[in-house]
Each structure stands twice: as structure tokens, then as C-alpha cells.
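Participant: Right, I'll just put the structure down here and ask away after.
The values are calculated or read from the model by the stated rules, or taken from the named source; none is laboratory data. Owing to the predicted nature of the structure, the values given are computational and were not obtained by experimental measurement. Here the Cβ is made from the backbone with ideal geometry for all residues, glycine too, and neighbour counts use every protein chain on show.
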Amino acid sequence: MFETLSDPIDVLTAFVEGRIRPLRFRWHGRVVRLKAITGEWTRREGQTVLRHYSVEGSRGESFELSYDPRSARWTLTRAWTTPPS
Amino acid sequence: MIPRVEVARASATRQILLIDMDAFFASVEQAQHPHLRGRPVIVCGDPERRGVVTAASYEARPSGVHAGMPLQEARRLCPTAHYVEGNPQKYVGISLQLLDLYLEFTPDVEPFSVDEAFAGLGPETTTLADAIEVARRIQSEIRSRFDLSASIGVGPNKLVAKMASGVQKPAGLTALDEQGFCDTFWRAEVQSMWGVGPRLAERMRSLGIVTVGDLAHAPEGPLRAAFGIIGPQLRAAAHGRDETPLIPYHRAIDAKSVGHEVTLPEDCEDEARLEGMLLRLSDQVARRMRSEGYVGRTIALKLRDRRFRTLIRQRALPRHTADATLIFETARRLLKSNWKRDPLRLLGVSVSEIERGEDSRQGALFGSDQRSLRLRSALDRLRDRLGEASVVPLGSLRYRRELGHVPFGAVSPSRDRRPDGSRDEDPA
């Protein structure tokens, strides 16, 4: 089951052709390497347009991250870390 | 998946597409989360609370699960499904990206819902064959960019396109002209007509109109006598004729009403708690109206009890408003005068008879009214800047943790976890 979170995280990020690409992030003391970005969307919160990403970890985990460009901070908003049965 | 194509006859008129995303919410979750692919997925509110199914993937549907079904029943029918909390902002975000994709093919794009849109093809695309080619390219782009599938209906008008889109799903492509429409639908039940609901169908059956073909051949006189001016329109629709204009995306479409409703986490008969929820719903409705520049006159309260009996009562105000307090007080009076103290499972507030305009509040000659208008304006500016969660009515805070999920309810919710592990409901 997905866990809904609001965890501030540090994310190693690439800027590619004007787009932000999360590459890996640190969570609960471990580094999660990202295998793929599986979705992107934006959400307006007041004057801020938050960027959201769904990503797949190298161990098959699923996560959703959001990036606040005003504070340049990343948040982990959803996680599925149970290996698929 | 390779789209299946059904073509019925040629045409030389303007062509319209209805692009319908297949099991949209569930498919978005499957596309974005690989572990869900090929598995039954049910999108809902908070899976830990009571609520209803928002969307079911194609893998879940053979179990009998469908949108609107109580979660409890869905769990009984499909216990192995993955129950995923829906994310309305995500689906709206993807929907806007899809509209941008359609705009690459034609400027005439009309969103019909979060997962459906009409696209009018230009004068150079006059034949069904041309339109089918465009539809195929759109399906291909949707697949490659979003890993999603769409079923597309093609026709000379919105009615035919809409009904054709449902002929082959998922990933279907059905093109019909008016004659093709008749060949395809005349044997179908009249309720399969776009715009004919269960009650209208029942009235038609009482007149001996059972199929779409029966409606197409019904004499105009009795139809007009039974259904008024829409009688002949229904008959024309049964021939696949429709003159509803396509209203492009970039032109504003005025809403007819604004409303929010919430399924309660458990049946509730506590009046104070219900009023707290009403305050929150009224605040959401009023805030949305103001942010979109609407004022409205008729306030409606919707109640649903544990036996799914729904009661809607409304009251017209002497003037248009977008004031949360006025909406709340009206809804509260409706609750007091109509609620029989039965435990409720759903509560909703809506405002209709809406129009573009400012909340004039004619009584604003008085200082207190002017002060409250200035205060409201300041709070709106604060929310515009910092988000909906920055200011919420105190009366609705009291029950925040107990409130259920409101699909598509909040303007811009944020959700935080408390130190004790509990979680705030979207406090818009």
C-alpha cells in the first residue's frame, strides 16, 4: 500500500534542456537511485507552481516527489516500498 | 495495444473526435507506478476510511467493481485489488497536458470532462478516412508520451462522436456517419442515447419507445406532447443529428453551479459535527466562486443517509452572493428544517443560478459590512499567495481529522502529518 508522506528530502538533480530531472535522493539514511521518471505534473499552491514527479527506484519501489521552486526544496509525498508480490 | 477500427460509410462533412481516456485515473496510477501494471487497481478516497470507488482499472472490472460503488462492497468483490488514494491534482495536471497534445492537431478542442475532450478537425479533414488517420496519430502520441490509452469516436457532430467513442473500449477507434450511427444504435436500448437517463428512458418505455430505432420512428406529435420542445430534438438525435456547437478550449465556458460534497468517514448524527462540515464545504464553495468570478443565488443542501436515500433541498436568496457565511447560514437553516436526525453518510453544498460578477452586497453601506468585505478580500489575497491551507474557518478545524476525503474538492490542498502520526484533512 502507498504511504502518504510529507518528508523533506535532499535530491541530486540534473537540469536537462530546461527541465528538472531528479536522479537520486536520500531517505531514512539510504540513497535511493532512480531508474525512471514515470510521470510529471504541476500543481498551483497560491502563487507557487509545484512540480510533481512519479519515479521508479532501482529496486522497483515507487515514489512521488514534489519540488517547490520558490524554496528550492524537495518533498517526498508518497512511497511504495513493498516489493511486488 | 493496436486500436481496433470500425468504419461505417464515407462522409464529406466536418469531422469531430471525442477522445475518451480509458479508465483514466486507474490507468494514470498504473502508468506511473510499474508495480500496479496488469493488476486490478481501484482508485478511491483514503483507503483506510469509508468512501466510494472513484475509478476501477480494466483488470478490476470483471469482478463487478465500478465507479460509485461503496468501497466496502468493492473490497468484498475484489479483495486482491490495489486500493490507491486518488490524487485529483495529478489527474487534472495530466488532463491539461493531454489538452495541449490535442491542440497540436487542431485549435478546436473542447474539454468535456477531466478524461474526455472533443476535437473539431479543420476543413481540410472532411472525410472519415482523414479523421481516422488523425485519431490514430492522437492515440499513438497518447501512448508514447503518457503510456495511456484512449478510445476515440469520430463523427459529423458531437452526439455521433460521443456515442461512437463507447462502441469499442479500451483503445477503440470507431468512425460513424449518420447512417452508420443508425445502423449501429437503432437496435440498442433507448437509454444508451447520450443524454437519456433512467427516468427519461422509463417515460419513453411507457410510450412504447424501447430502442433508439423506436425513438427515431416515433411520431412527432406524441413526442412533443410528452417531452415538450426536447421531444423533436430527441427524435433528431436518434437519427444521429446534432447541432450542438463545439466550444473551443480557449473560450471560457460559464459554469451552471459550483458545489462540493463529502462522504463522511462514518455515519454521523452529531449536529455540531455536521455543521462544522457544512462550514468547511460552504467555505470551499464560496472561495471557488470568488476565485472564478462567480456569484450565485440559490443555495442547495444535499443529504444522503445510510440507506443511500438522497435528499436535496434548496433556498433562493434575495441577491447574488459569494459569501461563505451567507451560504453556510442558508445551508444550516436547510439542515435544521429538513434533517430528520437520521445518521448521514454524505453531506453536500452547492450554489446555482450563478453568474459572472462581484459580491455587491447591497447592504455594504454599513461599516461592519464594509469591514467584513475588506477582511474577506485580504484573506483571499493571502490564500492566493500562500495557498488554500493558509487560512481556514475555525469552526471547520475542529473536525478536520475526522473528515473524509473530498475527491476534486479542494482548490489547492496540502496535507501534513502530525508528530503523533495523525494526518490533517485537506483544509481548503
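Participant: Assuming residue B:69 fulfils every condition listed in (1) crowded, with 16+ Cβ neighbours inside 10 Å; (2) within 26 Å of residue A:52 (Cβ to Cβ); (3) in contact (Cβ under 8 Å) with a residue 12 or more places away in the chain apart from one, which condition is it?
Facilitator: Residue B:69 satisfies all of (1) crowded, with 16+ Cβ neighbours inside 10 Å; (2) within 26 Å of residue A:52 (Cβ to Cβ); (3) in contact (Cβ under 8 Å) with a residue 12 or more places away in the chain except (2).
Participant: Working only within region B:167-217, note down all residues that are of a type in the set (Val, Ile, Thr), more than 28 Å from residue B:140 (Cα to Cα) and assigned to a helix (DSSP H, G or I).
Facilitator: Selection gives B:190, B:212.
Participant: Please state which one of B:224, B:319, B:241, B:307 is over 22 Å from the mean Cα position of the chain (by Cα) and under 27 Å from residue B:388 (Cα atoms).
Facilitator: The conditions single out B:319.
Participant: Kindly indicate the residue of region B:98-123 that is within 18 Å of the chain's Cα centre (by Cα) and outside any strand (DSSP E or B) and also nearest to the other protein chains (Cβ to nearest Cβ) among those meeting that condition.
Facilitator: B:98
Participant: Follow-up question, since we're still on this one. Is there a residue being surrounded by 16 or more Cβ atoms within 10 Å (Cβ to Cβ) and not in a helix (DSSP H, G or I) anywhere in region B:218-233?
Facilitator: Within region B:218-233, one or more residues are surrounded by 16 or more Cβ atoms within 10 Å (Cβ to Cβ) and not in a helix (DSSP H, G or I).
Participant: Also, I was wondering about something else. Could you grab the pairs with beta carbons closer than 8 Å, sequence gap of 6+ or different chains, first residue in region B:218-235 and within 18 Å of residue B:193 (Cα to Cα), second one among the hydroxyl-bearing types (Ser, Thr, Tyr) and surrounded by 15 or more Cβ atoms within 10 Å (Cβ to Cβ)?
Facilitator: Listed pairs, sorted by first residue: none to list.
Participant: Can I ask one more? What single numbered condition from (1) surrounded by fewer than 15 Cβ atoms within 10 Å (Cβ to Cβ); (2) under 28 Å from residue B:120 (Cβ atoms); (3) polar (S, T, N, Q) fails to hold for residue B:206?
Facilitator: (2)
Participant: Going through region B:280-307 one residue at a time, which ones are among the polar types (S, T, N, Q) and either surrounded by fewer than 24 Cβ atoms within 10 Å (Cβ to Cβ) or farther than 11 Å from residue B:327 by Cα (or both)?
Facilitator: B:291, B:298
Participant: Pick out the one residue from A:60, A:39, A:46 that is out of contact with any strand residue (DSSP E or B) (no Cβ under 9 Å at 6 or more places or on another chain), surrounded by 14 or more Cβ atoms within 10 Å (Cβ to Cβ) and facing chain B (nearest Cβ under 10 Å).
Facilitator: From the options A:60, A:39, A:46, the qualifying one is A:46.
Participant: Criterion first (part of a helix (DSSP H, G or I), within 14 Å of another protein chain (Cβ to nearest Cβ), polar (S, T, N, Q) and touching a residue at least 40 places away in the same chain (Cβ under 8 Å)) does residue B:139 satisfy it?
Facilitator: In short, no.
Participant: When you look at residue A:4, is it touching a Ser or Thr at 6+ places or on another chain (Cβ under 6 Å), polar (S, T, N, Q) and under 22 Å from residue B:82 (Cβ atoms), yes or no?
Facilitator: Against the criterion (touching a Ser or Thr at 6+ places or on another chain (Cβ under 6 Å), polar (S, T, N, Q) and under 22 Å from residue B:82 (Cβ atoms)), residue A:4 does not qualify.
Participant: Take residue B:345 and decide whether it is basic (Lys, Arg), at pLDDT 95 or above and more than 16 Å from residue B:289 (Cα to Cα).
Facilitator: When the stated conditions are applied, residue B:345 does not pass them.
Participant: How many of the residues making up region B:41-88 are touching a helix residue (DSSP H, G or I) at 6+ places or on another chain (Cβ under 7 Å) and within 14 Å of chain A (Cβ to nearest Cβ)?
Facilitator: So the count comes out to 7.
Participant: Residues that are charged (D, E, K, R), at least 3 per element: which strands (runs of 3 or more DSSP E) completely within region A:1-77 meet that?
Facilitator: A:3-16, A:19-27, A:30-45
Participant: So the check is Cβ under 9 Å with 6+ separation or different chains; which pairs have a first residue in region A:1-23 that's within 14 Å of chain B (Cβ to nearest Cβ) and a second one that's surrounded by 13 or more Cβ atoms within 10 Å (Cβ to Cβ) and of a type in the set (Gly, Ala, Ser)?
Facilitator: Between residues of region A:1-23 that are within 14 Å of chain B (Cβ to nearest Cβ) and residues that are surrounded by 13 or more Cβ atoms within 10 Å (Cβ to Cβ) and of a type in the set (Gly, Ala, Ser), the close pairs are A:2/A:62; A:2/A:79; A:3/A:79; A:4/A:79; A:5/A:79; A:6/B:414; A:7/A:79.
Participant: Look through B:75, B:61, B:50 and report the one residue that is closer than 24 Å to residue B:152 by Cα and of a type in the set (Lys, Arg).
Facilitator: B:61
Participant: Further question on the same structure: For region A:26-35, give me the residue count where each residue is within 11 Å of the chain's Cα centre (by Cα) and within 13 Å of another protein chain (Cβ to nearest Cβ).
Facilitator: The number of residues fulfilling the criteria is 1.
Participant: Please go through region A:63-85 and give me each residue that is buried (at least 19 other Cβ atoms within 10 Å of the Cβ), at the interface with another protein chain (Cβ under 9 Å from one of its Cβ atoms) and not hydrophobic (A, V, I, L, M, F, W, C), ordered by number.
Facilitator: Residues satisfying the conditions are A:64, A:77, A:78.
Participant: Now for a different question. Residue B:272 - would you say it is free of Cβ contacts under 8 Å to residues at least 40 places away in the same chain and surrounded by fewer than 15 Cβ atoms within 10 Å (Cβ to Cβ)?
Facilitator: Here the answer is yes, as residue B:272 does meet what is asked.
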